[in-house]
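Peer 1: Once you've had a glance at the structure underneath, I'll fire off some questions.
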Amino acid sequence: MTKLPYRQIHLDFHTPKLSFELAKNFDKQTFQKTLSDASVNSITLTGRCHHGHIYYDTKLPARHPNMRVGRDFLVEEIDACHEIGVRCPIYLTVGWDAYSATHHPEWLERKENGEMYGFEDFGQLSPGWKTLCFNSPYLDYLQEQIIDCMTHLGEKLDGLFFDIVWQDSCSCNYCIQKMLERNFDPTNEQEKKEFAKETEEYLKKTIYETVHSMNPDCPIFFNGGNIEPEIREDLPLYSHLEIESLPSGNWGYQHFPTVVRYAKNLGKEYVGMTGKFHKSWADFGSYKNQAALQYESFLALAHGAKCSIGDQMYPDGTLQKTTYQNIGNVYGTVKELEQYSAGSVALAEIAIIHPNAVVETSNRVDLSLAGAVNMLNEADYQFDIVDFESDFSKYRLLVLPDKVELSKMFSDKLEQFIGNGGKVLASYRSGLSETKEFPTNWGISLDSFDSQVPTYSYFEAQAFPTLPKEELVMHGRSANVRVTSGKEIAKKALPLFERNYLHYYSHFQAPVGEETDFSAAVKTKNIGYIAYPVFEMYKQQGVYFYKRMVLDLLSDLLENEKICKTTLPSTADVVMNYQPDEERVVVHLLHYIPEHRSLTIDTIEETIPLYHSKIEIDMKEVTRLTGADFAEISIKDVTNEKSIPFEIEENKLKFEVPELNGYSVFTINQKGK
């Protein structure tokens with residue numbers, strides 16, 4: 001049953017000391033009308049901000065210095081929201097608190113050299129946020145403030161959003177003392193990371209137990225800025241998930257489409273959070289382009305997520321009218337279409353194994369994972385992102401991008417999947433055991449790893465019909481593998497010579513030289529293997545033929561069958577879901593093109609309509625994934641409230657989309673439903 005509202009605002013209120021009264025121009029009726037007109041039905045309000053200030057009437061010393069004596073601004077906001085049926089969970093900062101950092105600098109995280117951790121420009125004489133350590137007495141104050149907030153709000157509390165929930169590899173006095181007490185070596189960076197992770201887990205459990213001792217039903221979310229497989233350990237502490245992802249901020253347009261495909265498989269309700277800003281949080285006076293705001297919200301809806309748009313209230317307690325007109329334009333559509341997202345399940349035939357289940361990455365999205373997501377999405381494949389704890393049984397094929405080496409447990413699980421007829425497409429290091437050996441039924445053996453970049457490959461025409469018949473340069477390292485029982489479908493070759501200061505050829509690499517004894521790609525009945533980190537190579541360089549290499553091999557393994565084929569360009573998004581309660585398939589089509597129009601950010605300025613696009617859906621595969629009988633159906637374009645003519649030929653449902661102008665939703669309904 002759906003619990004979270006679909007049209008949310010995340011309202012920051014990080015407000016320093018002012019020269020005037022806080023929220024002096026707040027007007028309840030204006031506030032209510034602004035939210036109602038924008039179709040908002042949930043708004044996260046700030047209880048304590050990054051400045052450390054508290055916005056309800058409290059005896060704690062961090063009460064905002066410019067909130068009038070006797071005033072309770074947060075409660076005013078809550079009461080105004082509840083009067084119009086708007087839910088309002090409360091935001092509480094955790095890791096950044098300027099008030100505490102100023103009054104208790106000994107509570108700050110410290111690097112080995114004594115420097116602080118923090119956000120952007122955070123030096124002693126700089127304006128950025130400084131990060132607090134949870135092994136210090138700050139944790140006691142944090143608990144006190146949480147209890148104070150919950151006691152003060154009582155039954156008015158709709159939930160708690162805890163922000164900046166992570167622990168860095170800290171060398172403050174408190175951490176060193178506790179590490180020594182627990183036999184961690186403070187000079188060993190890996191042990192410091194392990195201790196920091198344990199501290200973070202302890203923090204979450206402490207907050208969870210504090211909250212649930214007072215209100216067992218209170219929704220809780222811990223925000224660390226990303227959702228990756230490591231969340232599994234703490235997942236029971238979360239009531240739901242919120243994917244903070246402002247594409248024009250530090251997240252980019254790669255982040256949300258990747259993370260949501262993983263988050264949707266964790267068994268929790270989930271929210272997609274973007275922002276109204278042209279850049280990122282607190283970009284006052286800026287407005288996100290309407291087309292960008294549409295895409296970011298509609299893509300969340302297509303993936304079964306609730307929508308959230310970030311904003312920041314002005315210090316006088318007012319909201320920007322134009323901002324909420326823009327939000328209202330988007331949320332008006334969300335209000336009409338959210339019924340086609342509620343309770344939906346992805347119709348995914350492929351799953352990508354999340355590389356971060358095996359290795360850490362410094363990127364917000366692992367480059368190999370990003371490349372795999374882009375390749376499949378651009379080809380209209382329906383896919384999830386999973387980890388080793390996921391159920392593989394519904395998928396026809398698993399993708400192991402570049403670096404997914406196998407533990408004994410995962411190796412056994414993968415072999416069971418293959419034994420049941422499942423297919424695997426792997427690249428580079430993926431598939432190697434802890435002893436650096438490939439499974440015997442993969443038909444390959446590892447000789448060594450080649451650091452020479454670039455090299456070349458020749459591809460068999462039958463296996464790779466869309467690749468050039470001549471050599472293809474491979475701008476990435478490679479695994480030197482030999483065929484044992486598989487079929488070699490691509491051969492590795494070297495340049496005439498390796499480029500160095502004594503011997504170089506023209507502007508770049510030398511032309512192709514002799515073939516080697518090593519295979520560039522190998523295939524068995526159930527396995528396809530590419531010896532290069534082709535997914536990361538595609539993300540880094542965007543070479544079209546690297547994508548085609550993967551798609552040709554995918555098509556071969558899946559015998560040219562896929563649940564959805566279209567004539568849409570690679571810039572479109574196709575997302576297919578099933579709503580069990582309504583017994584209908586929902587097809588979401590989006591066409592928005594992010595552009596790098598500035599030196600620092602991507603954005604979307606306008607929609608580009610597409611006409612007369614053909615859609616073909618494999619209803620046999622739909623039945624396999626849903627268990628539903630679609631013997632007699634109807635199709636409706638719910639965006640334009642029109643029935644769509646169609647034909648069925650050999651279990652393939654075919655119809656045409658006359659016009660796709662940004663976002664359209666189609667339902668495939670059982671007759672009479």
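Peer 1: What number, rounded to the nearest 500 deg cm²/dmol, is the helix-based mean residue ellipticity at 222 nm of the chain, given -39500 (n - 2.57) per DSSP H run of at least four residues and division by all its residues?
Peer 2: For the chain, the value works out to -8000 deg cm²/dmol.
Peer 1: Rounded to the nearest 0.05, what FRET efficiency do E115 and N173 have when you use their Cβ-Cβ distance and R0 = 22 Å?
Peer 2: Efficiency, rounded to the nearest 0.05: 0.90.
Peer 1: Hey, can you find the accessible area per residue of the range 30-182 for me, probe 1.4 Å, expressed in square angstrom?
Peer 2: Per residue, the range 30-182 has 41 Å² of solvent-accessible surface.
Peer 1: Mean 1/r over all different Cα pairs, inverted: what Kirkwood radius does the range 497-570 give, in Å?
Peer 2: Mean inverse Cα-Cα distance, inverted, gives 15.5 Å.
Peer 1: If you don't mind, another one. If you line up the Cα atoms of the chain on their principal axes, what length do they span on each, largest first, in Å?
Peer 2: Each principal axis gives a Cα extent; for the chain these are 81, 67, 48 Å.
Peer 1: For a paramagnetic label modelled at 7 Å from the Cα of T600 toward its Cβ, which residues of the range 111-127 fall within the zone defined by backbone nitrogen distances under 14 Å?
Peer 2: 120-121
Peer 1: I've got another one for you. Want the number for A631 to K469: 0.36 nm per residue separation, take away the alpha-carbon distance, what's left?
Peer 2: Between A631 and K469, full extension yields an extra 53.9 nm.
Peer 1: What is the gain in length, in nm to one decimal, between E514 and K3 on full extension, counting 0.36 nm per residue of separation less the C-alpha to C-alpha distance?
Peer 2: 177.7 nm
Peer 1: If one computes the Cα centroid of the range 15-51 and of the range 427-479, what distance in Å separates the two points?
Peer 2: If we compute the Cα centre of each part, the gap is 57 Å.
Peer 1: Please compute the contact order of the chain in relative form: average sequence separation of alpha-carbon pairs under 8 Å and at least six residues apart, divided by the residue count, as a percent.
Peer 2: It comes to 11 percent, rounded to a whole number.
Peer 1: Cα extents of the range 234-332 along the three principal axes, largest first, in whole Å?
Peer 2: That works out to 39, 27, 27 Å along the principal axes.
Peer 1: When a/c reaches 1.5 or more, the comparison of a/b and b/c decides; with that in mind, is the range 344-484 rounded, prolate or oblate per its Cα gyration tensor?
Peer 2: rounded
Peer 1: For S485 and D37, compute 0.36 nm times the residue count separating them, minus their Cα-Cα distance, and round to one decimal in nm.
Peer 2: Working it through step by step, the gained length comes to 154.7 nm.
Peer 1: Among 44-57, 597-610, 211-224, what's the highest-first ranking by average C-beta atoms within 10 angstrom per residue?
Peer 2: The peptides rank, most packed first, as 44-57, 211-224, 597-610.
Peer 1: For the chain, with the dipole built from +1 on Lys and Arg beta-carbon atoms and -1 on Asp and Glu ones, taken about the Cα centre, which of W96, Y202, Y592 lies farthest toward the positive end?
Peer 2: Farthest towards the positive end: Y592.
Peer 1: Could you tell me the relative contact order of the range 572-618? Use alpha-carbon pairs under 8 Å, at least six residues apart, and round to a whole percent.
Peer 2: Over the range 572-618, the number comes to 26 percent.
Peer 1: Sticking with this structure for a sec: Hey, how many Å between the Cα centroid of the range 354-419 and the Cα centroid of the range 228-244?
Peer 2: 19 Å
Peer 1: Now a separate question. Could you check how much of the accessible area of the chain is carbon and sulfur, as a whole percent, using a 1.4 Å probe?
Peer 2: 48 percent
Peer 1: Would you work out which of L558, Y501, W251 lies farthest towards the positive end of the dipole of the chain? Charges go on Cβ: Lys and Arg +1, Asp and Glu -1.
Peer 2: Selected residue: L558.
Peer 1: How large is the dipole of the chain about the Cα centre if only Lys and Arg carry +1 and Asp and Glu carry -1, each at its Cβ, rounded to the nearest 20 debye?
Peer 2: The dipole of the chain has a size of about 560 debye.
Peer 1: Still on this model: Give the average over all directions of the projected area of the C-alpha convex hull of the range 203-285, one decimal, in nm².
Peer 2: Mean projected area for the range 203-285: 6.4 nm², to one decimal.
Peer 1: Still on this structure, please answer the following. Round to a whole angstrom and tell me the spacing of the C-alpha centers of the range 563-616 and the range 493-544.
Peer 2: 33 Å
Peer 1: Also, quick follow-up: Per residue, how big is the convex hull of the range 565-673 when only Cα atoms are used? Give it in Å³.
Peer 2: So the per-residue Cα hull volume is 117 Å³.
Peer 1: When ranked by the protection proxy of mean other Cβ atoms within 10 Å per residue, highest first, what sequence do the peptides 124-133, 523-532, 364-373 form?
Peer 2: Put in order of decreasing packing, that is 364-373, 523-532, 124-133.
Peer 1: Can I ask one more? How large is the direction-averaged shadow of the alpha-carbon convex hull of the range 407-532, in nm²?
Peer 2: Mean projected area for the range 407-532: 8.6 nm², to one decimal.
Peer 1: How much accessible area per residue does the range 227-296 have, in Å², with a 1.4 Å probe?
Peer 2: 30 Å²
Peer 1: Now a separate question. Please enumerate, by chain and number, the lysines with C-alpha under 25 Å from the C-alpha of K130, excluding those fewer than 8 residues away in the same chain.
Peer 2: Partners within reach: K17, K59, K111, K178, K192, K193, K197, K204, K205, K279.
Peer 1: Only Lys, Arg, Asp and Glu count, each charged at its Cβ (+1, +1, -1, -1), so figure out the dipole size of the range 91-241 about its Cα centre, rounded to 20 debye.
Peer 2: The dipole of the range 91-241 has a size of about 100 debye.
Peer 1: Assign one of three labels to the range 358-427, namely rounded, prolate or oblate, based on the Cα gyration tensor with a ≥ b ≥ c the square roots of its eigenvalues; rounded applies when a/c is under 1.5, prolate when it is not and a/b is larger than b/c, and oblate otherwise.
Peer 2: Cα axes put the range 358-427 in the oblate bin.
Peer 1: Principal axis lengths of the range 91-184 from Cα atoms, whole Å, largest first?
Peer 2: Sorted from largest, the Cα extents of the range 91-184 read 46, 35, 20 Å.
Peer 1: Calculate log10 I(q)/I(0) of the range 1-99 for q = 0.15, 0.18, 0.22 Å⁻¹, where I(q) comes from the Debye formula with a single equal point scatterer on each Cα and nothing for solvent.
Peer 2: Reported log10 I(q)/I(0), two decimals: -0.62, -0.87, -1.18.
Peer 1: Each label point is 7 Å from the Cα along the Cα-to-Cβ direction; what then is the distance between the points at Y314 and E83, in nm?
Peer 2: In this crude spin-label approximation the distance works out to 2.1 nm.
Peer 1: From the alpha carbon gyration tensor of the range 8-63, can you work out the equivalent ellipsoid semi-axes (sqrt of 5 times each eigenvalue) and give them in Å, largest to smallest?
Peer 2: Values for the range 8-63, descending: 24, 14, 10 Å.
Peer 1: Dipole of the chain (Lys/Arg Cβ +1, Asp/Glu Cβ -1, origin at the Cα centre): which of P127, A80, H212 lies farthest to the positive side?
Peer 2: A80
Peer 1: Next up: How far is helix 138-153 tilted off the main Cα axis of the chain, in degrees rounded to 10, range 0 to 90?
Peer 2: 70 degrees
Peer 1: Hey, which lysines would be in cross-link range of K614, C-alpha to C-alpha under 22 Å, not counting anything within fewer than 8 residues on its own chain?
Peer 2: Candidates past the 8-residue exclusion: K562, K565, K636, K642, K652, K654.
Peer 1: Something else about it: Would you mind working out the accessible area per residue for the range 323-464, using a 1.4 Å probe, and quoting it in Å²?
Peer 2: 36 Å²
Peer 1: For the pair A282 and D447, what calculated FRET efficiency results from E = 1/(1 + (r/R0)^6), where r is the Cβ-Cβ distance and R0 = 51 Å, to the nearest 0.05?
Peer 2: The formula returns an efficiency of 0.40 here.
Peer 1: Evaluate the charge dipole of the range 283-358 about its Cα centre and quote only its size in Debye, nearest 20, assuming +1 on the Cβ of each Lys and Arg and -1 on the Cβ of each Asp and Glu.
Peer 2: About 80 debye.
The values are calculated or read from the model by the stated rules, or taken from the named source; none is laboratory data. Owing to the predicted nature of the structure, the values given are computational and were not obtained by experimental measurement. Note that each Cβ is placed from the backbone with ideal geometry, even for glycine, and that neighbours are counted across all protein chains shown. For accessibility, only protein heavy atoms count, side chains too; no ligands or nucleic acids. Shrake-Rupley method; radii C 1.70, N 1.55, O 1.52, S 1.80 Å.
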